[in-house]
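First the structure, in the form of structure tokens, and then the observations on it.
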Amino acid sequence: MDIPQHRLLVTGVPGPRSLRLAARRAAAVAFGVGSTMPVFAAHAGGGVLVDVDGNQFIDLGSGIAVTTVGASAPRVVAAVQEQVAAFTHTCFMVTPYEGYVAVAEALNRLTPGRHEKRTALFNSGAEAVENAVKIARSATGRPGIAVFDHAYHGRTNLTMAMTAKETPYKQGFGPFAGEVVRAPLSYPFRDGPAVDGPAAAIRAIDEIRRQAAAEDLAALVIEPIQGEGGFIEPAPGFLPALASWCRANGVVFVADEVQTGFARTGAMFACEHEGVVPDLVVTAKGIAGGLPLSAVTGRADLMDAPQVGGLGGTYGGNPLACAAALAAIETVEAGELVARAAAIGDLMTTRLRGLRAADPRVGDVRGRGAMIAVELVEPGTTTPDPALARAVAAAAHQQGVIVLTCGTDGNVLRLLPPLSISDDLLTEGLDVLAGSLAATSPLCPARPV
């Protein structure tokens, strides 16, 4: 569907059809399933989402970094249509098919490092993280897992244990899997200039050692740039120092690139910004243009450690998702979307750093490529202001812009536009965001930027 690439509000938000669907939802859908937006989607394409009432929203969320190549990207649509006409499922563990193998080959080629690799496909990011832990434990014969403050790795029992944020992800769902230790992350906005990347790595390693002996650790799992935790980008040198410590101690270094992978940060994978080559890379979200697919890719000796039948799942590497993934990867490479992500990042950070200079409630602007965060605080402090973040996001929603929040304290606005968005549409979305921020505090208005 060719959707005009502009913002358009024809009803209030939500409109009457969305309100009727919300009533049906309340009667049918479990209360614990939340939604950011009060509207129901009907169509999406490029950088625009259209709701059931005909309102057109500028999409600065990409379904949480999933539709990186744009919603309903033409190559993805065509590939899925062709595959669905051929067959929808056989289960790769019963009757394998070429699409799964081709995706594995592509991931082996694209992920950092030129060493021999293998790949296994799954359905969700959490499932892939859990399988990365299984692989590391099988290969090392060790039980322990090291993770970090503010981390988000999923909603399964093990990945909830690995996730830092209690509410809403963990509250009332314990007890959780054991053998998980947690270390402080490098957080430049809160650490200050006295704690650089190598110093933060020493601090983290010291904390890990206090909780577990290195010879008991199977893996260290880290998001190169944290997602749900607040788009926290560690200080330079932090990731390389951790990777070096892992190598020296036989600990598998696992990069959780679920949210950062596939051109999102202005590199194909975020680890590349510091030249880090992980032992295992976990991917999902942007891998398949909106279809459910995830993967673990890594060193062949590690990936081949589990016994035959130890990895897999009924739907893992579904043929439709594999077709979509191959088309999405082709779109990234043919469209030079790595470079496009970097250009989007330059546009956003220039504008948002202007807001930070003008408004003391904007504590930090950070991120890479098309993965940028605005941390909101009480004026002139580092004290989180989650109420302000909620108010700004809600105001933007009412004006036709999809903006997401995140952070352990819920005080961070996160911007994840599709890489297909035009500069004009992105600029308009940022105009609305700036206006929404100014409107939340008439006593402390942001100066025009």
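The values are calculated or read from the model by the stated rules, or taken from the named source; none is laboratory data. Just so you know, these numbers come straight off a predicted model, no measurement behind them. Quick reminder, even Gly has a Cβ in these numbers, built from the backbone with ideal geometry, and neighbours come from all protein chains shown.
One table, with the values for the structure above:
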| item | result |
| --- | --- |
| The stretch 134-179: number of residues that are charged (D, E, K, R), more than 20 Å from the chain's Cα centre (by Cα) and on the phi < 0 side of the Ramachandran plot | 3 |
| Segments classed as strands (runs of 3 or more DSSP E), wholly inside the stretch 161-275, with at least 3 members that are in contact (Cβ under 8 Å) with a residue 24 or more places away in the chain, touching a Pro at 6+ places or on another chain (Cβ under 9 Å) and of a type outside the set (Lys, Arg) | 217-222, 252-256 |
| Extreme residue, surrounded by the fewest Cβ atoms within 10 Å (Cβ to Cβ), among residues of the stretch 290-321 that are in contact with a Gly (Cβ under 8 Å, 6 or more places away or on another chain) and either part of a loop (DSSP other than H, G, I, E, B) or free of Cβ contacts under 8 Å to residues at least 24 places away in the same chain (or both) | 290 |
| Residue within the stretch 73-90 that is at pLDDT 95 or above, in a loop (DSSP other than H, G, I, E, B), over 20 Å from the mean Cα position of the chain (by Cα) and surrounded by 14 or more Cβ atoms within 10 Å (Cβ to Cβ) present | no |
| Condition check for residue 329: buried (at least 16 other Cβ atoms within 10 Å of the Cβ) and not in a helix (DSSP H, G or I) | no |
| Residue list for the stretch 21-49, filter: of a type outside the set (Gly, Ala, Ser) and assigned to a strand (DSSP E or B) | 43, 48, 49 |
| Residue that is surrounded by the fewest Cβ atoms within 10 Å (Cβ to Cβ), among those in the stretch 276-288 that are assigned to a strand (DSSP E or B) and not polar (S, T, N, Q) | 280 |
| Hits in the stretch 332-341 - residues which are buried (at least 16 other Cβ atoms within 10 Å of the Cβ) and under 20 Å from the mean Cα position of the chain (by Cα) | 332, 337, 338, 340, 341 |
| Some residue of the stretch 234-255 being within 30 Å of residue 386 (Cβ to Cβ), aromatic (Phe, Trp, Tyr), over 14 Å from the mean Cα position of the chain (by Cα) and not assigned by TED's automatic domain parsing to the domain that holds residue 386 | yes |
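Per-residue answers, yes or no, for (1) farther than 25 Å from residue 64 by Cα; (2) in contact with a Ser or Thr (Cβ under 7 Å, 6 or more places away or on another chain); (3) buried (at least 16 other Cβ atoms within 10 Å of the Cβ):
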| site | (1), (2), (3) |
| --- | --- |
| 130 | no, yes, yes |
| 138 | yes, no, yes |
| 150 | no, yes, yes |
| 157 | no, no, no |
| 160 | no, no, yes |
| 173 | no, no, no |
| 203 | yes, no, yes |
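One line per residue, one yes/no per condition, for (1) closer than 24 Å to residue 391 by Cβ; (2) in contact with a His (Cβ under 9 Å, 6 or more places away or on another chain); (3) crowded, with 16+ Cβ neighbours inside 10 Å; (4) not assigned by TED's automatic domain parsing to the domain that holds residue 394:
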| position | (1), (2), (3), (4) |
| --- | --- |
| 6 | no, no, no, yes |
| 23 | no, no, no, no |
| 29 | no, no, no, no |
| 37 | yes, yes, yes, no |
